[in-house]
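Chemist: For reference, the structure I am asking about is given below.
Please treat every number below as a calculation from the coordinates, not as lab data. Note that the structure is a prediction, hence the values are computed from the model and not measured. Ideal geometry is used to build each Cβ from the backbone, glycine not excepted, and the neighbour counts take in all protein chains shown.
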Ligand SMILES: Nc1ncnc2c1ncn2[C@@H]1O[C@H](COP(=O)(O)OP(=O)(O)OP(=O)(O)O)[C@@H](O)[C@H]1O
């Protein structure tokens, strides 16, 4: 079964009297265990599509299901719950909580899910070690490099084993070597733990590592590539 099913989805932004079709009748299905990249020129609709899949925004028309659950038309409370239980997010700007340590940032989502203290502390430590941050658990975000902060963000996104992890230009603020190491780490999470990832990117290095590349243009899917 597809983890994500986007059916004939459009998103029109209206500004003054101008309507922008950010997504135009897009249909795409993503299966569990995929490592998919959305590519396309600036303004082609990548972020808009990720925001729709992540229940951060409502489509103007069409339907979206995540892990078998219809998300279009849900009220705010249900959307928040869906994000908490089913989706992990990695943003371009890391979006870590500045006053919390790496460990606490990773634990936070587990706390929201009601996991007991000891269990969540152990789980967060484990995942931070897996992303190569053993010994840095107590550092605040501003005591970590950009690449390390993004590793914390990935650890936070995957610690709760969500159905899908969405990453909007995750390497945009990293130098190419750090970005490549981050991508390799995510590929490993995909291989070893079956974490399903969907990225948006401009970065050729990210595209190279993808298994499925979906090309967007003017809010539509133009073509797809599949690699082994
Ligand atoms: N909140 C908004 N209000 C009005 N128009 C918007 C809004 N968000 C996006 N758009 C427009 O929708 C279109 C798609 O934008 P989107 O951010 O999805 O593109 P993108 O492919 O992610 O671009 P980039 O690669 O530059 O991040 C663009 O024309 C953009 O200007």
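Chemist: Using only the alpha-carbon atoms, how far is helix 176-193 inclined from the longest principal axis of the chain? Give it as 0 to 90 degrees, nearest 10.
Modeler: Roughly 90 degrees between the two axes.
Chemist: A further question follows. Could you give me the radius of gyration and the Dmax of segment 103-228, taking only the C-alpha atoms into account and expressing both in angstrom?
Modeler: Looking at segment 103-228, its Cα Rg and Dmax stand at 15.6, 48 Å.
Chemist: While we're looking at this one, here's another question. Considering the Cα trace of the chain, what is its radius of gyration and what is Dmax, both in angstroms?
Modeler: Rg and Dmax of the chain, Cα atoms, are 17.4, 55 Å.
Chemist: Neighbour counts of other C-beta atoms within 10 Å: give me 166, 96 arranged from fewest to most.
Modeler: On the way: 166 26, 96 23.
By the 10 Å Cβ count, ascending, the order reads 96, 166.
Chemist: Another question, then. Mind checking the angle between helix 146-158 and the chain's longest principal axis? C-alpha axes, 0 to 90 degrees, to the nearest 10.
Modeler: 80
Chemist: Between residue 80 and residue 176, what is the label-to-label distance in nm when each label sits 7 Å out along the Cα-to-Cβ direction?
Modeler: Placing both labels 7 Å beyond Cα along the Cβ direction yields 4.4 nm.
Chemist: What order do you get for 202, 226, 215 when you list them from fewest to most C-beta neighbours inside 10 Å? Each step should come with its number before you reach the end.
Modeler: Numbers: 202 14, 226 9, 215 17.
So the ranking, lowest neighbour count to highest, is 226, 202, 215.
Chemist: Also, I was wondering about something else. Apply the a/c threshold of 1.5 to the C-alpha gyration tensor of segment 68-124 and tell me whether it is rounded, prolate or oblate.
Modeler: Values: a/c = 2.62, a/b = 1.54, b/c = 1.70.
Oblate, because a/c is 1.5 or more while a/b does not exceed b/c.
Chemist: A further question on this structure: Using the Cα gyration tensor of segment 117-183, with a ≥ b ≥ c the square roots of its eigenvalues, what is the shape: rounded (a/c below 1.5), prolate (a/b larger than b/c) or oblate (neither)?
Modeler: Numbers: a/c = 2.23, a/b = 1.32, b/c = 1.69.
Oblate, since a/c reaches 1.5 and b/c is not below a/b.
Chemist: Still on this model: Using helices alone, what [θ] at 222 nm do you get for the chain, with -39,500 (n - 2.57) per DSSP H run of 4 or more residues, divided over all residues and rounded to the nearest 500?
Modeler: Details: 7 runs with 81 residues, N = 228.
After summing the helix terms and dividing by residue count, I get -11000 deg cm²/dmol.
Chemist: What ranking of 35, 197, 117, 91 emerges when the number of other C-beta atoms within 10 Å of each C-beta is taken as an exposure proxy, fewest first?
Modeler: Working: 35 20, 197 27, 117 10, 91 17.
Placing the least packed residue first, the sequence is 117, 91, 35, 197.
Chemist: If you take the square roots of the eigenvalues of the alpha-carbon gyration tensor of segment 1-98 and sort them as a ≥ b ≥ c, do you get rounded (a/c under 1.5), prolate (a/b over b/c) or oblate? Let's see the in-between values first.
Modeler: Details: a/c = 1.32, a/b = 1.21, b/c = 1.09.
Rounded is the answer for segment 1-98, as its axis ratio a/c remains below 1.5.
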